[in-house]
Structures are given as structure tokens and as C-alpha cells.
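Read the figures in this text as sums done on the coordinates, not as results from a lab. Values in this document were obtained by computation on a predicted structure and should not be read as measured data. Glycine also receives a Cβ, built like all others from the backbone with ideal geometry; neighbour counts cover every protein chain displayed.
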Amino acid sequence: MFRRFAPVLLGTAVLGLTPLAAQEQPVPRSAGTPYAARNLPDRVVLTPAADPTTGMAVAWRTDTAQKASEAQLAVAVDGPTLEEKAVTVTGAPGTPKDSANGPALYHQVRFEGLTPDTVYAYRLKGSAGWGEWRQFHTAATEAEPFRFLYLGDIQNGILTYASRVIRQAFHGHGGIELVLLAGDIAAQRDDLDHDDEWGEFGEAGGYNWGIVPQLPATGNHEYVDVIRPDGSESRKLGPYWPLQFALPDNGAPGAKATTYYVDYQGVRFIVLDGTSAIDLGTMKQQTAWLDETLASSSAKWNVVLFHQPVFTCARPEDISEVKTAWKPVFESRKVDLVLQGHDHCYSRLTSEAGREVSAQKRADGAVQGPVYLVSVTGSKMYGLNDRAPNQPDRVAEATELYQVIDVDGDQISFRTYTASGKLYDGFELERRADGNHLTEIDEPVIAERTCHGSVGPDGGTCVARAK
């Protein structure tokens, strides 16, 4: 049913301003300091162009001896002769960055003018020579079936805990062609050196980050706190984001570095920045851009990705700024999936009126509006709020999760799995003449996972704290 399933499938070429460090629970640390830049490329991250049928981009890091940003690119062949027809592609000289792990240079190269639906191989230059060949697959021009992975906040215990969830997703489910990250990829606060965290992120995903294109959204932890001259607090985008991700330049005015859209085989993916909208005054620009980008979409499906959720599963109240500005646009423009993070719990919500109303509407054959998802991949957990037992269709607490979504013509199949690969939730969206219709999956899922007092769903301590 799916066009390609091998892992190597994969060519331009916040809320408020309360100091966040005080809110965080202790973070597991990796042993040692293994993240000094070396003489071969590391932290390799592949990202798509706005049109991934003809373009891809790659970002990586080296030691300071490798000044030039150089890659070699070739159409993949089946013998060890890739270099014979490879072309050299260059980018701007590496950008220097100092950290507790020492100095490094960050590089980016864009691959343009590629052939659709084609396997390419590329390798990157370090001061000791060329690294290994990696492969990616350009998107097809038609709306062919494909699979993507959606991950909530990674943020805490990135290598200690979140890595096993990421690796289980790739190990248990072949054919993943895109990875969507719902923000707070790293904690980027005072409990770990930021470079350590981004090093852990690179190690947690390993070679997958360099062969499967990523669509990241910023969370509040992608920003760092700054003090204005008058003593008030504000935020600015942290230094690692623009170094680590080479993203399309088609986003909202005022938030070009963190908003963008990508069209992939019949799906328009739109990425917003809730922190910039709420705290830095770009809500109006992003909302207008969102509406325009949805209005111009000719894709069969529209998926929106951002960090702060419309409907929260942990916080006492919904995030009013996001809900007021973006929910009406999602509904009027008939967005299909809204993928979010921030709450460190799981929620699948299909009706604000609650799960019973939603179930009755489905039984009566009503059209389904946007489906709102919140999920978490890392180790920091928040307790469920008072609405969680009745409003969302399915929730989880103190549980690390990943989501696998299959797109095939008029159908989207959505599955949520636990860290150990157990099926936890799922649904089918079917596009009919009158709109979307949602069906719960007819597959066995494990029992709902919540804490009972101080006891967590695995029988140990409940690690979910009240928000």
C-alpha cells in the first residue's frame, strides 16, 4: 500500500513571562561531556524545501578547521561508485558557535533542481575528509501514499529517556518520510548547557535525522529570556535554532525564521510559532498568514503544527490568545489535524463540548472538524486537568508517546503508541463529499494510563506534577 518502507528512503541543492528555570524539575544528565566538535560532521539534520519534490537542505556541525560548507550529491546507484558522478554543492562559510564543549562551526547547504521521486545520496565535508554517504528520497509530484511521524516535547531526559521513544518509532514502523516536532526540542534553560542538550538531540535520533526530513516547530524553550533596559523581561530566539535547521523562507512577516509551510504529496504542512505570537507581538501577522496560506492551499489535506495547544490537557485554562486567534481560522478553513505539544500529557479532542457529544455526533453521521492532538515524548510530565476525564476522547498521563500517521488518498490513519510500542489510541479520517468523517479504530488498545494518587500508571511513583 505504501510507496516505500525502508528506513533509508528518504533533493534549495508561551505563556506569560514567568522565569521558566524555576518551573523545571531536575533533568537527567548524560554521563561525561561527549559533545565537543570533531573533525568529521555531526548533528546532521535534513529539512525539506517548500517544494520537496525538487529541493532539500542539510545542516551540520564540524570543528573550526573546516571553514567551508561543502557537500557532494549524487543520484543513488547500487554499487560503491557514488563519487564518480557526484557534484559538489557549497553553502556560506560555517557559522562559529562557542559553548561549554568548545568552539564549533555550523554549516548549511541547500540542494536545488532535484528530480522528483528519486533517491539521492549525499556526504558532508569535515576537516579530516568526507563523512559517510546518506540517502534521502525526494517527494513525488502526485498525492501518493506516505507516512509521517509526530513527536511531542522531547525537551527533558533527551538521551536518557526520549531516545528510546524516537528509536522505537523508527524501529517499529518502516517508511517514515517526514518527522514533525511540536517544539521544546531542548530545554534550553539553566539545568544543562544548551550545547549538551542539542548534542543529546542529535544522538537520540542518530542517522535518522540525516535521512528523514524534519519539520520542527518552536516551543517556548527554543527561546531564551532577556532583560530589557527598563528591567522588564522578554524573549529572543535561542542561538541553536537557526544553526540546526535550514528551513523554507516562506513564513509569516515578523516570524520568518520560525514559521513556514511545506507541500508534501497531497498534504500542506503549516508551522506556526506560538511563543512569538503571544510574547513577541506577531499574532496578527501569523494569523493573517495562516489564513492566506490555507486559502491558497490546493492540497487534499491541511495539517497545522505548533507548540502551545488550543485545548489544554494539563493547564487549568485553555490558552486564550491561541484559541481566540487561530481556532476560528482552523474551523473556517477546514483544517484536518492540529498537532501540538507544551502540556506534557496526551489528548485527542474532537469536540469542545466533550467526548460524549462527539461520540453521538459521529453516530449521527456528522462531519468532523479539526482534530486537536497534544502529545509528549520526553520525560517531563504534567498532571491532567479537571476537563481531561470528559472533554477529550482519549488522554494519558505520565506516558511517553509517539504518533504514526499514514496518508493515502481520501484517508488518514492516525495511531498513537507508547514508548515500548503498545498501541494506545487511533482513528481514521475519511474524506467524503460532505467533509471529513472520523471512525475510532477497531483494534485493541491498552487501558487508559493515568495516575491514581501518588501511584503512576506503571505501578511506580506518579511523575506527573500539577501545572
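Give the separation of the Cα centroids, the range 193-249 to the range 90-113, in Å. The distance from the Cα centre of the range 193-249 to that of the range 90-113 comes to 14 Å. With contacts taken as Cα pairs under 8 Å at a separation of at least 6 residues, the range 76-162 carries a relative contact order of 19 percent. Taking a sphere under 15 Å around the Cβ of Ala50 and counting the other residues whose Cβ falls inside, with K and R at +1 and D and E at -1, yields a net charge of -2.
Compared with the direct C-alpha span, the chain from Glu142 to Arg38 gains 33.3 nm at full extension, assuming 0.36 nm per residue. If R0 equals 56 Å, the separation of the Cβ atoms of Glu430 and Lys67 corresponds to a calculated FRET efficiency of about 0.55.
Volume per residue for the range 259-353 equals 100 cubic angstrom (convex hull of Cα atoms).
Among Lys380, Lys284, Lys236, Lys327, a tally of other beta-carbon atoms within 10 Å of each Cβ gives an order, fewest to most, of Lys236, Lys284, Lys327, Lys380. Between Arg167 and Trp130, what FRET efficiency comes out of the Förster formula 1/(1 + (r/R0)^6) with R0 = 22 Å and r the beta carbon distance, rounded to 0.05? Once rounded, the FRET efficiency stands at 0.25. With neighbour counts taken as other beta-carbon atoms within 10 Å, the residues Asp458, Asp184 rank, fewest first, as Asp458, Asp184. Rounded to the nearest 500, the helix-only mean residue ellipticity at 222 nm of the chain stands at -4500 deg cm²/dmol, with each DSSP H run of n ≥ 4 adding -39,500 (n - 2.57). Here His137, His437 are placed in order of increasing Cβ neighbour count within 10 Å, fewest first, which gives His437, His137. Note on the chain: Cα Rg divided by 2.2 N^0.38 Å, N the number of residues, gives 0.94. Pairs from the list Lys300/Lys422; Lys380/Lys467; Lys97/Lys125; Lys67/Lys236 with a Cα-Cα gap above 21 Å: Lys300/Lys422; Lys67/Lys236.
Once you list every other residue whose beta carbon is under 9 Å from the beta carbon of Val404, what net charge do they have if Lys and Arg are +1 and Asp and Glu are -1? Show your work: numbers first, answer last.
Details: positive: Arg147, Arg415; negative: Asp406.
Net charge around Val404: +1.
What is the range 26-161 by shape, rounded, prolate or oblate, if you read a ≥ b ≥ c off the alpha carbon gyration tensor as root eigenvalues and call it rounded for a/c under 1.5, prolate for a/b larger than b/c, and oblate otherwise? Oblate shape, in that a/c is at least 1.5 and b/c is the bigger or equal ratio. Cα centroid distance between the range 385-415 and the range 123-162, in Å? Between the Cα centres of the range 385-415 and the range 123-162 lies a distance of 23 Å.
Given R0 = 56 Å, the distance between the Cβ atoms of Thr81 and Val455 translates into a calculated FRET efficiency of 0.40. Extension gain for Gln360 to Thr88 (0.36 nm times residue separation, less C-alpha to C-alpha distance): 92.0 nm. For the range 115-190, what class follows from the C-alpha gyration tensor (a ≥ b ≥ c being the square roots of its eigenvalues): rounded when a/c is under 1.5, otherwise prolate if a/b is larger than b/c, else oblate? Oblate, because a/c is 1.5 or more while a/b does not exceed b/c. Mean separation of Cα pairs under 8 Å and 6 or more residues apart, divided by the residue count, gives the range 143-465 a relative contact order of 18 percent. Mean separation of Cα pairs under 8 Å and 6 or more residues apart, divided by the residue count, gives the range 343-467 a relative contact order of 25 percent. Look at where the Cα atoms of the range 302-324 and of the range 326-378 average out, and the two centres are 11 Å apart.
Note down the net charge around Asn39, summing +1 for each Lys or Arg and -1 for each Asp or Glu among other residues with Cβ under 12 Å from its Cβ. Local net charge: +1. For the range 195-208, backbone phi angles converted through the Karplus equation (6.51, -1.76, 1.60; θ = phi - 60°) give residue-by-residue couplings of 5, 4, 5, 5, x, 5, 4, x, 6, 5, x, x, 5, 4 Hz, Gly and Pro being listed as x.
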